[in-house]
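The values are calculated or read from the model by the stated rules, or taken from the named source; none is laboratory data. From a predicted model like this one, the values you see are computed outputs, not experimental measurements. Cβ coordinates were reconstructed from backbone atoms using ideal geometry, including for glycine residues, and neighbour counts include every protein chain displayed.
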Amino acid sequence: MEIAELSRTLDELKQKISDLESQVQEIREKPSRVTVRESEEEWVEEIEGIVEKWFARVKHPVIVSACRGEELLEGHRKSKPWSWVNGGSIEDLTQLPTDKVMFLLSPFSSDQRLKILLLLEKYPKSSTDLTNALGFQGGQLYHHLDELMKAKYIEKVYKGKYCLTSLGRWGLYNALLTAKILLSFMEKGQESEEKTDG
């Protein structure tokens, strides 16, 4: 085979890989039609039972968060399962150093950084992908990326793409779960205020 022919073949293979990565990206972005809501209640009851047993032993208020899923590896060709279960007594949690708490939680109070974390939740993205999705200018984007890397929430991986770290994924999911619960309380509070006013 001549060098020109090998070069053409290599270019064709690169294009096919790029096309496959795009197809995987499109499939992952489509909302799933499968719902697990019907079985969620039984799992919640089981977890509540475990937390009750824990509380009975430690005799202090406790909090638990658990998560399970899969993440894509090596350019979307493989995935690996992950899971976490963390908990602690509220007494211990309220003794954490506030400066460290603020450092770790600050990315979730920045709209731009939260958007970056959400975009990286499904699969790695390049700075160009992030710029196109967010409309940030170069310096602005890199400032946010640097801050997220300092917090160890993201890292740079293959082909200069950024991805969530395990810590970043765990923090993001917990922040979103907390926000969901707080929003639900706010909505219930507004409903009860409207009933009282009416």
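Here are a few things to note about the model shown:
- Residue match in the stretch 85-99 (condition: exposed (fewer than 12 other Cβ atoms within 10 Å of the Cβ), of a type in the set (Gly, Ala, Ser) and either out of contact with any Ser or Thr (no Cβ under 8 Å at 6 or more places or on another chain) or at pLDDT below 80 (or both)): no
- One residue alone among ARG77, ARG57 is of a type in the set (D, E, K, R) and modelled with pLDDT under 80, and that residue is ARG77.
- Any helices (runs of 4 or more DSSP H) falling wholly within the stretch 41-155 and containing at least 2 residues that are of a type in the set (Phe, Trp, Tyr), closer than 16 Å to TRP170 by Cα and within 20 Å of the chain's Cα centre (by Cα): none
- Scanning the stretch 132-167 for residues that are on the phi < 0 side of the Ramachandran plot and in contact (Cβ under 8 Å) with a residue 40 or more places away in the chain returns GLU147, LEU148, ALA151, TYR153, TYR158, TYR162, CYS163, LEU164, SER166.
- Screening LEU148 on (1) modelled with pLDDT under 90; (2) among the aliphatic types (A, V, I, L, M); (3) surrounded by 15 or more Cβ atoms within 10 Å (Cβ to Cβ) shows it passes everything except condition (1).
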